[in-house]
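K.L.:
One structure follows; several queries about it will come next.
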Amino acid sequence: LEERFQASPDADGFGLFDWAEHVAGIGFVACQTYLTATGACARISKAIALQLGPRHEASGRPIVMAINSAANFWKHYPEWPLEKKTDRQDAVRRAFDDLGFSADGEYPLSGILTELTYGVARFGALLVPLEQWRDELMKGEAQQPN
């Protein structure tokens, strides 16, 4: 996709930005699946697990919470016009705003990925914070009473 961006005289006109946004959504959902499965294995509630791990420097938000919000956005944003405003929508909007991208702007997932990876815009750059989160989660799991 990156090669196609570079070779294209009009990446936006050819829909490549839309493809990148779609790939970003799938990537965030894959990360969310990892978060959910790992938290379940550690027997730690998702609400607690999402508070752990490294934080985004500018917003102070846990990186995993931002990842979770981005995944929820990708999965549920198309439904938003069909339903009344919900607390989940508000939480996702706040997360996006805190990271500097409106949920209603153009290509918000690509923007969030770029922000969380400090300009790298590749999911591989999220491996280190995800591993740090996992390690902190497992330390907490070891301290949980049986």
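The values are calculated or read from the model by the stated rules, or taken from the named source; none is laboratory data. These figures come from a predicted structure and were not determined experimentally. Cβ atoms come from the backbone with ideal geometry, glycine included; neighbour counts cover every protein chain shown. Surface accessibility is based on the protein's heavy atoms, side chains included, excluding ligands, DNA and RNA. Shrake-Rupley method; radii C 1.70, N 1.55, O 1.52, S 1.80 Å.
K.L.:
Return the label of the correct value of mean projected area of the Cα convex hull in nm², as calculated from the structure shown, out of [x] 9.6; [y] 13.2; [z] 8.4.
P.N.:
The value computed from this structure is option [x].
K.L.:
Also: Taking H placed 1.01 Å from N in the peptide plane, check which residues at least 5 places from Ala103 or on another chain put their amide H under 5 Å from its amide H.
P.N.:
Answer set, sorted by chain and number: Asp97.
K.L.:
Give me the 1.4 Å probe accessible area per residue for the chain, excluding ligands and nucleic acids, in Å².
P.N.:
Heavy-atom accessible area per residue stands at 59 Å².
K.L.:
Also: Report the charge-dipole magnitude of region 8-146 in Debye, nearest 20, computed about the Cα centre from +1 at each Lys and Arg Cβ and -1 at each Asp and Glu Cβ. Could the numbers behind the result be given before it?
P.N.:
Details: 13 positive and 18 negative charges, 131 e Å.
Taking the Cα centre of region 8-146 as origin, the dipole is about 620 debye.
K.L.:
What percent do you get for the relative contact order of the chain when only Cα pairs under 8 Å and 6+ apart count? Intermediate values should be presented prior to the final figure.
P.N.:
Values: 138 pairs, mean separation 38.1, N = 146.
Relative CO of the chain lands at 26 percent.
K.L.:
Output the 0 to 90 degree angle, nearest 10, between the alpha-carbon long axis of helix 127-143 and the longest principal axis computed from the alpha carbons of the chain.
P.N.:
Relative to the chain, helix 127-143 is tipped by roughly 20 degrees.
K.L.:
Could you go through region 67-77 in sequence order and give the Karplus-derived ³J(HN,Hα) for each residue, using 6.51 cos²θ - 1.76 cosθ + 1.60 with θ = phi - 60°, rounded to whole Hz, and x for Gly and Pro?
P.N.:
Going residue by residue, I get 4, 4, 5, 5, 5, 4, 4, 4, 6, 10, 3 Hz, with x marking Gly and Pro.
K.L.:
Testing the spin-label approximation: label points 7 Å from Cα along Cα→Cβ at Phe17 and Leu82. State their distance in nm.
P.N.:
Result: 2.7 nm between the two label points.
K.L.:
So, one more: Please list, ordered by chain and number, the residues whose modelled amide H lies under 5 Å from the amide H of Arg55; skip anything fewer than 5 residues away on the same chain.
P.N.:
Ile63
K.L.:
Follow-up. Computed on alpha carbon atoms, what radius of gyration and Dmax characterise region 25-66, expressed in Å?
P.N.:
Reported Rg and Dmax, both Å: 10.6, 31.
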